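Below is one structure; the comments refer to it alone.
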Amino acid sequence: WQFRIGQTRVRFDKEIPINQFTGVDVIGHVPEMSVAGTWTRYDSLGLAYDNGPFQFQAMLSRIDQGSAAFEDARSGYAIASYRTGAVTPYVGYSRTKSDPIDFPATFYGAVAHQLSAATHADQHTWFLGARWDVAKNLDLKAQIDRIDGKPSSVFPYREEKVPGWDGKMTVFSLALDFVF
């Protein structure tokens, strides 16, 4: 068993150019949008089990932004695999969700909401794959991801709204990993 715990802190010394971007004094009217002097904190906790053919990993994380300019978020994943000779099939799940922020019901509050909501995340993914150890220092990986993103989520959505698309997609990837 391996256990992991971590924390990273970032301090913003300067303001991000929200007012210049919007053309209005958002920070003056919604001071919680200010980032100058605030701290962002990233906490993570994980465990890994690797014994014989069975492997398992799980990680949880939390981001506390310290400013309403960015939404706080929680994320996690779990993956299990089983080695069968040169092939290791695996299955996993990941999830990320951020917390929407309430702003005053004013013009400036609406602008602040739009800016903060641009950092919103709400999606989960199931994945299934296999790694084949082709040769020493050479692996071939194939994976299928089933992604379910909510319309309010910045990922996989952006500004592009595709008519009829509900944020769900299946992605197939093939990768060749090598060490030289």
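The values are calculated or read from the model by the stated rules, or taken from the named source; none is laboratory data. What you are looking at is a predicted structure, and each value in this text was computed from that prediction instead of being measured. Cβ placement follows ideal geometry from the backbone for every residue including glycine, while neighbour counts extend to all protein chains displayed.
Each row is one residue, and each column tells you yes or no for (1) within 30 Å of Gln143 (Cα to Cα); (2) in contact with a His (Cβ under 9 Å, 6 or more places away or on another chain).
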position: Thr40; (1), (2): no, no
position: Tyr49; (1), (2): yes, no
position: Glu71; (1), (2): no, yes
position: Thr106; (1), (2): no, yes
position: Ala112; (1), (2): no, yes
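I'm trying to understand the selection: among the residues of region 97-129, which are exposed (fewer than 14 other Cβ atoms within 10 Å of the Cβ) and β-branched (Val, Ile, Thr)?
Of everything in region 97-129, just one residue is exposed (fewer than 14 other Cβ atoms within 10 Å of the Cβ) and β-branched (Val, Ile, Thr), namely Thr106.
Could you tell me how many of the residues in region 21-71 are surrounded by 15 or more Cβ atoms within 10 Å (Cβ to Cβ), among the small types (Gly, Ala, Ser) and in contact with a helix residue (DSSP H, G or I) (Cβ under 9 Å, 6 or more places away or on another chain)?
Number of matching residues: 4.
Report yes if Thr96 is part of a strand (DSSP E or B), over 30 Å from Gln143 (Cα atoms), under 16 Å from the mean Cα position of the chain (by Cα) and of a type in the set (S, T, N, Q), otherwise no.
No: the conditions fail for Thr96.
Ala36 versus (1) assigned to a strand (DSSP E or B); (2) free of Cβ contacts under 8 Å to residues at least 40 places away in the same chain: which is the lone unmet condition?
Every condition holds for Ala36 apart from (1).
Does Ala58 fit the bill of being at pLDDT below 95 and aliphatic (A, V, I, L, M)? Give the steps one after another, and end with the answer.
Details: at pLDDT below 95: no; aliphatic (A, V, I, L, M): yes.
Judged against the criteria, Ala58 is not a match.
Just to be sure before I move on: is Trp132 surrounded by fewer than 18 Cβ atoms within 10 Å (Cβ to Cβ), assigned to a strand (DSSP E or B), touching a Gly at 6+ places or on another chain (Cβ under 8 Å) and of a type outside the set (Lys, Arg) in the structure I sent? Step through it out loud before you land on a result.
On the way: surrounded by fewer than 18 Cβ atoms within 10 Å (Cβ to Cβ): yes; assigned to a strand (DSSP E or B): yes; touching a Gly at 6+ places or on another chain (Cβ under 8 Å): no; of a type outside the set (Lys, Arg): yes.
Judged against the criteria, Trp132 is not a match.
Residues in region 105-140 that are within 22 Å of the chain's Cα centre (by Cα) and of a type in the set (Ser, Thr, Tyr): how many?
Residues in region 105-140 being within 22 Å of the chain's Cα centre (by Cα) and of a type in the set (Ser, Thr, Tyr): 3 in total.
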